[in-house]
Amino acid sequence: MLFDYDGTLTPIAARPEIATLPEKTRHSLAALNEMDRFVVGVVSGRGLDDLVAMVGIPGLVYAGNHGLEISGGSMHFVHPETPDFESDLAGVSRLLERELAGVPGILVDNKRLTLTVHFRASPEGYATQVDEMVVATAAPYVAAGKVKITRGKNVVEVRPNLDWGKGNAIDKILEDCGDNPLPMFFGDDETDEDGFVAVQNAGGLAVYVGPPRQHTKALHQLESPAEVGQMLALLVRLAEPDEQ
Ligand SMILES: [Mg+2]
């Protein structure tokens, strides 16, 4: 059972450091992970160390930076091409810090392997301007084939120009899960879509977290992180008798 973090396990917060995991959800994830039949993991755009600290459950599988780094089970994976991009991302990060300095509430978060510009805390109306400034600032690096720009909920991201995302990370985690795992992935945003495709191609379940009728490839839906929490608690109750 694999989960995105922000917007899936926890409501999206004004600043990433205050998006703490609800205690009940933490308890349920830990309880499921204790059971032999489950492997539990979190696949996020956050940096790996940050993600591990926010979730705080030992023994889970963690994939950070949209799957460029994975830790858990028998895996200690870093995409082999990431060192080629670190100096470019650092360069873009310095330029963005300078260019976006005048935007109130802006946060440029260089997570070493990917970079996220958060404008959730910026006043209404800054979204287009921030997007244009990120595109213009990163343009030389994009033209050189070094980085690509992706978008999510109130974020613009600068990522290495690699054909690698959450779906690839999920495939890799599944290889580590023994025979015939039934994969499930829960997510709420654009970068989760290739994760949905990966689990559905493997015969598993993809669950979009958010209001109904959104454009998504996931065939299942839960309304909110609160509903994900309720589902997890229910699953623990249903699974526990068999484990004893
Ligand atoms: Mg999310």
Problem set entry | Tally of residues being closer than 13 Å to Leu2 by Cα and at pLDDT below 95 across the stretch 177-224 | 2
Problem set entry | Contacts under 6 angstrom Cβ, first residue in the stretch 3-25 being farther than 20 Å from Met231 by Cα, partner more than 14 Å from the ligand (Cβ to nearest atom), 6 or more apart | Ala14/Ala121
Exercise. Are any of the residues in the stretch 117-124 among the hydroxyl-bearing types (Ser, Thr, Tyr) and farther than 30 Å from Ala30 by Cβ?
Worked result: yes
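Residues Thr150, Thr191, Thr128: which one is over 30 Å from Leu60 (Cα atoms) and outside any loop (DSSP other than H, G, I, E, B)?
Exactly one residue qualifies, and that residue is Thr128.
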Exercise. Arg26 versus (1) of a type in the set (Lys, Arg); (2) modelled with pLDDT of 95 or more; (3) not in a helix (DSSP H, G or I): which is the lone unmet condition?
Worked result: (3)
Exercise. How many residues are within 15 Å of the ligand (Cβ to nearest atom) and crowded, with 22+ Cβ neighbours inside 10 Å if we restrict to the stretch 141-158?
Worked result: 3
Exercise. Of the residues Val142, Val158, which is within 16 Å of Gly67 (Cα to Cα) and either in contact with a His (Cβ under 8 Å, 6 or more places away or on another chain) or not aromatic (Phe, Trp, Tyr) (or both)?
Worked result: Val158
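Got at least one residue in the stretch 7-17 being more than 12 Å from the ligand (Cβ to nearest atom), modelled with pLDDT of 95 or more, within 24 Å of Asp176 (Cβ to Cβ) and under 14 Å from the mean Cα position of the chain (by Cα)?
No, every residue in the stretch 7-17 fails to be more than 12 Å from the ligand (Cβ to nearest atom), modelled with pLDDT of 95 or more, within 24 Å of Asp176 (Cβ to Cβ) and under 14 Å from the mean Cα position of the chain (by Cα).
For Val135, state whether it is over 23 Å from Ser74 (Cβ atoms), surrounded by fewer than 16 Cβ atoms within 10 Å (Cβ to Cβ) and β-branched (Val, Ile, Thr).
yes
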For this session: Could you check Gly203 against (1) in a loop (DSSP other than H, G, I, E, B); (2) touching a Leu at 6+ places or on another chain (Cβ under 9 Å); (3) of a type outside the set (Asp, Glu); (4) surrounded by 19 or more Cβ atoms within 10 Å (Cβ to Cβ) and say which number it fails?
Result: (4)
For this session: Please give the number of the condition His215 fails out of (1) touching a strand residue (DSSP E or B) at 6+ places or on another chain (Cβ under 9 Å); (2) within 16 Å of the ligand (Cβ to nearest atom).
Result: (1)
Exercise. In the stretch 179-186, is there at least one residue being surrounded by fewer than 17 Cβ atoms within 10 Å (Cβ to Cβ) and within 14 Å of the chain's Cα centre (by Cα)?
Worked result: no
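The values are calculated or read from the model by the stated rules, or taken from the named source; none is laboratory data. Since we're looking at a predicted model, the values are computed, not measured. Here Cβ is always computed from backbone atoms with ideal geometry, including for glycine, and neighbour counts include all displayed protein chains.
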